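Notes for the one structure printed next.
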């Protein structure tokens with residue numbers, strides 16, 4: 001699961017636009033602080049995609 005900022009950064013580097021976080025935020029004594037620690041990671045986009053979906057396919 002996603003438990004810290006490094007996990008979010010790793011997913012972003014792999015091309016994820018978002019992540020689903022649950023248990024790590026729900027079980028902490030300070031959920032708002034936990035969320036703040038996870039948001040704001042720069043998006044990298046997928047490097048292995050050359051064309052938008054649907055473009056050039058028929």
Expected sort for 7-18, 27-38 on mean C-beta neighbours within 10 Å, highest first, is 7-18, 27-38
Roughly what would the spin-label model give for residue 36 and residue 23, points 7 Å off Cα along C-beta, in nm? 2.6
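Laboratory data are not the source of any read-out in this text; all were calculated from the coordinates shown. Since the structure is predicted, the reported quantities are computational estimates derived from the model, not experimental observations. Here the Cβ is made from the backbone with ideal geometry for all residues, glycine too, and neighbour counts use every protein chain on show.
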